[in-house]
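Undergrad: Mind having a look at this structure? Questions to follow.
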Amino acid sequence: MDAIRHVRLMAEYNRWTNRQLYASLRNLSSASLVAATGDRFGSIMAGLNQQLAGDALWLRRFASTGHFDRLLEANDWLPAPGSLDEPVSADLDQLITAWCGDLIFKDLDRVLVYRDLSGLPQQHQLGPLLSHFFNHQTHQRGRLSTLLQQAGVEAGLSELVGMPGFDPFSPLDGEAAPSDPHPAHAVAQSRSSIQAC
């Protein structure tokens, strides 16, 4: 898989899995969303906000290169949080997916110079920064999924291979598929063991 196709896949995965996560939130009361969780986030709602704020900060950094028209046009409505704790409300997944759809190979080599949240100067190529961006989103969703499970709510399917259209270039029919060395009951049993920890 080439790098651009991978970036686009990660953008689609981000949008799809966020929809799964947000759908599961409908099963929580408003009080449960803001209830103290005892973790770094403080509450499920604060964790969701931190994820949005982080995305908005990175999108503004990506736009600062001046090369991405779609992001520059979004500057009118894109949140500009001063910190990860500042309230944010925006649907960023569509913007991320559309922007990644516009990227070309040479964009991944562009160097982005910015300051991190501590004010330290940073300089990295866009390609590795996008890997960081999508990896961090997955990390945040994992933390939020844990909080939802602790609140008694199933966070929904979040495995990349479970996303519709994950790999349209290698379909397997039932007869061509190798047997699974890890049957479903073993996976369920291992998940139970993990949850008990």
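Undergrad: State yes or no: is Ala36 under 26 Å from Tyr114 (Cβ atoms), at pLDDT 85 or above and either surrounded by fewer than 17 Cβ atoms within 10 Å (Cβ to Cβ) or hydrophobic (A, V, I, L, M, F, W, C) (or both)? I'd like the intermediate steps shown before the answer.
TA: On the way: under 26 Å from Tyr114 (Cβ atoms): no; at pLDDT 85 or above: yes; either surrounded by fewer than 17 Cβ atoms within 10 Å (Cβ to Cβ) or hydrophobic (A, V, I, L, M, F, W, C) (or both): yes.
Criteria not met by Ala36.
Undergrad: Please find, within the stretch 103-127, the residue that is modelled with the lowest pLDDT out of those that are surrounded by 13 or more Cβ atoms within 10 Å (Cβ to Cβ) and part of a helix (DSSP H, G or I).
TA: Among residues in the stretch 103-127 that are surrounded by 13 or more Cβ atoms within 10 Å (Cβ to Cβ) and part of a helix (DSSP H, G or I), the one modelled with the lowest pLDDT is Asp107.
Undergrad: Of all the residues that make up the stretch 25-61, how many are in contact with a helix residue (DSSP H, G or I) (Cβ under 6 Å, 6 or more places away or on another chain), of a type in the set (S, T, N, Q) and not in a loop (DSSP other than H, G, I, E, B)?
TA: So the answer is 1.
Undergrad: Let me ask something else. For the stretch 43-55, check the following and say yes or no: at least one residue is among the charged types (D, E, K, R) and closer than 15 Å to Ser145 by Cβ. Steps first, please.
TA: Looking only at the stretch 43-55, we keep the residues that are among the charged types (D, E, K, R), and these are 55.
Next, only the ones that are closer than 15 Å to Ser145 by Cβ stay: none.
No, every residue in the stretch 43-55 fails to be among the charged types (D, E, K, R) and closer than 15 Å to Ser145 by Cβ.
Undergrad: Here are some residues: Thr37, Thr65. Which one is in contact with a Leu (Cβ under 8 Å, 6 or more places away or on another chain) and more than 23 Å from Arg143 (Cβ to Cβ)?
TA: On the way: Thr37 fails: more than 23 Å from Arg143 (Cβ to Cβ).
None of the other options fit; the residue is Thr65.
Undergrad: On to the next question. Select from the stretch 87-102 the residues that are in a helix (DSSP H, G or I) and of a type in the set (Asp, Glu) and write down the one among them that is farthest from Gln51 (Cα to Cα). Full working, then the answer.
TA: Filtering the stretch 87-102 for residues in a helix (DSSP H, G or I) gives 93-102.
Keeping just the survivors that are of a type in the set (Asp, Glu) gives 93, 102.
Details: Asp93: 11, Asp102: 23 Å.
So, considering only residues that are in a helix (DSSP H, G or I) and of a type in the set (Asp, Glu), the one farthest from Gln51 (Cα to Cα) is Asp102.
Undergrad: Can you say whether Gly54 is surrounded by 15 or more Cβ atoms within 10 Å (Cβ to Cβ), touching a Leu at 6+ places or on another chain (Cβ under 9 Å), modelled with pLDDT of 90 or more and among the small types (Gly, Ala, Ser), as far as the supplied structure shows? Steps first, answer last, please.
TA: Values: surrounded by 15 or more Cβ atoms within 10 Å (Cβ to Cβ): yes; touching a Leu at 6+ places or on another chain (Cβ under 9 Å): yes; modelled with pLDDT of 90 or more: no; among the small types (Gly, Ala, Ser): yes.
Criteria not met by Gly54.
The values are calculated or read from the model by the stated rules, or taken from the named source; none is laboratory data. Note that the structure is predicted; figures quoted are calculated from it, not measured. Note that we place each Cβ from the backbone using ideal geometry, even for glycine, and neighbour counts take in every protein chain shown.
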